[in-house]
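*Asks:* Below is the structure I would like to discuss, written out as structure tokens.
The values are calculated or read from the model by the stated rules, or taken from the named source; none is laboratory data. Here the structure is a predicted model, which means the values were calculated and not measured. Positions of Cβ are generated from backbone atoms using ideal geometry, with glycine treated the same way; all protein chains shown enter the neighbour counts.
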Amino acid sequence: MAILSAPAVGDRASRVLLFVSLALNLFFLGVLGATAVRQLWLQAPAAVEPSRSAAERIDRLAATLSASDAEKLRAEFHTREQTLEAAHSAYRRAQEAVRAALRAEPFDAAAVRSAMADTRAARQALDLALHDVIATAAAEMSPAGRNSLANWSPPHGGAPPK
């Protein structure tokens, strides 16, 4: 009987080893599958493309307001649309000038700094024009509309403050 019990112990050990190996394989397949699902189906949303016009910026902001408050914002925008679009175009041209200066051969750091200063000035002019439209429209809005404006955050800026 001693001879029969030795193979039984070895047989039992191989069965336990087989079970552990199978469990580990299933675990790693689960991890691999979960990673694949996460990569394919739960990808982070694509970065928001920057606005190509001042009208797009105003429309994104107006979309968060009630219909009457959004109309007030859009109406104020339309009274200053040419000025805003000109400021937006100047800002985009200034950005292109920075890109061109960075790509220039031979490289000129002073030209890059100058183009960057022009971009800052153009951005500030655009911001001032947009802020003036928003402030003027906000004076005509409901308290709820002004509260929505206060809570608004650009799409790339994360969640609005509470």
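*Asks:* Just give me the residues in region 62-110 being among the β-branched types (V, I, T) and modelled with pLDDT of 90 or more, in sequence order.
*Replies:* Pass one, region 62-110, residues among the β-branched types (V, I, T): 64, 79, 83, 98.
Residues satisfying the conditions are T79, T83, V98.
*Asks:* Would you mind stating whether T119 is in a helix (DSSP H, G or I), in contact with a Phe, Trp or Tyr (Cβ under 9 Å, 6 or more places away or on another chain), surrounded by 15 or more Cβ atoms within 10 Å (Cβ to Cβ) and among the polar types (S, T, N, Q)?
*Replies:* yes
*Asks:* Also: Could you list, in sequence order, all residues of region 65-75 that are under 15 Å from H131 (Cα atoms) and surrounded by fewer than 20 Cβ atoms within 10 Å (Cβ to Cβ)?
*Replies:* Correct list: R74, A75.
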